[in-house]
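Peer 1: Mind looking over this structure? Questions follow.
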């Protein structure tokens, strides 16, 4: 056993699991005392263990005690899962069925078989249902009882389950294919890139929703389309796909109660799609309220921990801010930032695990820049440049530097702005540029260097020409994605020529 294996397991426990462990553990025993000590530690240190329990004889057997505690905690987690998981309850039922059959209590076993199969069918636990069919086959061969289907019906049951499992497997493979394309290539930059995605979407299974034979398959079908429309930046169809996926879940409430984290993710994606379209309508407000109420509505669900509740609260605020950005209400969004910062700068969030860490500071920067609070914009964007443990996309880093240099220009830090422009221009000159938009920005920077930063009238002419070039680019769908992602910068240019 590695040194930190036990410690990592202890630190992974949520509040509900810790409570369950404390109910089961014997705190008078050595392993109980070791658990209490390690649960309060911030880092694993063998020397601190020896110093804390100095004189205790069990230290001579510390490796054995640690292994016992590790196995004990795993056993607790298994038992806790059985109490709170429907799947675990079905597995427990199957074990009970085996015992009843062994004791020749066939009628009791048959009643439990019927009950368990109904649960499996409603929750699409096909691998468990297949095992129940196997038990039926054994019964029909060895001990036929009243009510047991004939062998042909059992054969059809088995085939039907296998077909559904195969159907799910096909959609799972397609989802992994398209998500791996996004991870590897990002959004399509050329027709060749787009062909990689469209090839997946030409699959027979994705041509008609009726091809999805189970709820799981239907969810995967909608999710795959959502991935695709997100990748090609078709905001309306991305919105439609996320809405259809949300409807599947809400039309099957048991799927929500059994996978609350999935429901939360789908809600978030739908609200994010709404914000991208600037659809601050009744549906957006209703679903935002639904997301906010999740911790309260499902407070007894094992997945709703205190940290998740706080994260959802931050998510709700984040989505409100996204809507403000898309609707170009930067001043109003800027006034909302103190409350948002309080939620996200939460000691319960680990920086490495916080999904907001890049989008949070990116949006803070956009909002401050759009609100003409340039000093704050520099602070937030600089935070992203200095991140060490989290990778920020190179393309995003380039535009972050542009926002910083423009902010310095607006603050009349001309010398610093010129120095940054020179540095960024040199960097872009040696970088492989995939988009014409990037090349236009490169030309804009070159002209700025030639002109100098204190000649406002000539600057307007350069900006106007740059905007004309950007307007022409918007007819190209690949370039349009880049322009829309940096619309705050384009808005600044438009403001400058109108001043």
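Peer 1: Kindly indicate whether any position in the stretch 443-458 is under 23 Å from residue 326 (Cα atoms), surrounded by 14 or more Cβ atoms within 10 Å (Cβ to Cβ) and touching a residue at least 40 places away in the same chain (Cβ under 8 Å).
Peer 2: No, the conditions are met nowhere in the stretch 443-458.
Peer 1: Would you please list the contacts, defined by Cβ atoms under 7 Å and residues six or more apart or on different chains, that run from a residue in the stretch 375-387 that is assigned by TED's automatic domain parsing to the domain that holds residue 488 and without any contact (Cβ under 8 Å) to a residue 12 or more places away in the chain to a residue that is buried (at least 17 other Cβ atoms within 10 Å of the Cβ) and in a helix (DSSP H, G or I)?
Peer 2: none
Peer 1: Considering each residue of the stretch 263-286, count those that are within 20 Å of the chain's Cα centre (by Cα) and surrounded by 15 or more Cβ atoms within 10 Å (Cβ to Cβ), and give that number.
Peer 2: Count: 14.
Peer 1: Let me ask something additional. Scan 458, 412 and give me the residue that is out of contact with any strand residue (DSSP E or B) (no Cβ under 9 Å at 6 or more places or on another chain) and outside any helix (DSSP H, G or I).
Peer 2: Step by step, each of 458, 412 is checked, and only 412 is out of contact with any strand residue (DSSP E or B) (no Cβ under 9 Å at 6 or more places or on another chain) and outside any helix (DSSP H, G or I).
Peer 1: Which of the numbered conditions does residue 138 fail, given that it passes all the others? Conditions: (1) out of contact with any helix residue (DSSP H, G or I) (no Cβ under 7 Å at 6 or more places or on another chain); (2) without any contact (Cβ under 8 Å) to a residue 40 or more places away in the chain; (3) more than 26 Å from residue 99 (Cβ to Cβ).
Peer 2: So residue 138 meets the others, but not (3).
Peer 1: Let me ask you something else. Can you name the residue in the stretch 352-382 that is under 26 Å from residue 410 (Cα atoms) and surrounded by fewer than 17 Cβ atoms within 10 Å (Cβ to Cβ) and, of all such residues, is modelled with the lowest pLDDT?
Peer 2: 359
Peer 1: Within the stretch 396-409, identify whether any single residue is more than 18 Å from residue 451 (Cα to Cα), surrounded by fewer than 17 Cβ atoms within 10 Å (Cβ to Cβ) and within 27 Å of the chain's Cα centre (by Cα), and answer yes or no.
Peer 2: Yes, that holds for at least one residue.
Peer 1: Can you tell which of 154, 145, 119 is assigned to a helix (DSSP H, G or I), farther than 27 Å from residue 298 by Cβ and in contact with a helix residue (DSSP H, G or I) (Cβ under 8 Å, 6 or more places away or on another chain)?
Peer 2: Just a single option satisfies the conditions, and that option is 154.
Peer 1: A further question on this structure: Pick from the stretch 337-351 the residues that are in contact with a helix residue (DSSP H, G or I) (Cβ under 6 Å, 6 or more places away or on another chain) and within 18 Å of residue 377 (Cα to Cα): which of them is modelled with the lowest pLDDT?
Peer 2: So the residue we want is 344.
Peer 1: Okay, moving on. Just wondering, is there one or more residues in the stretch 477-498 that are without any contact (Cβ under 8 Å) to a residue 24 or more places away in the chain, in a helix (DSSP H, G or I) and farther than 21 Å from residue 377 by Cα?
Peer 2: yes
The values are calculated or read from the model by the stated rules, or taken from the named source; none is laboratory data. Given the structure is predicted, the values throughout are model-derived calculations rather than measurements. Because the Cβ atoms are built from the backbone with ideal geometry, glycine has one as well, and the counts that use them run over all protein chains shown.
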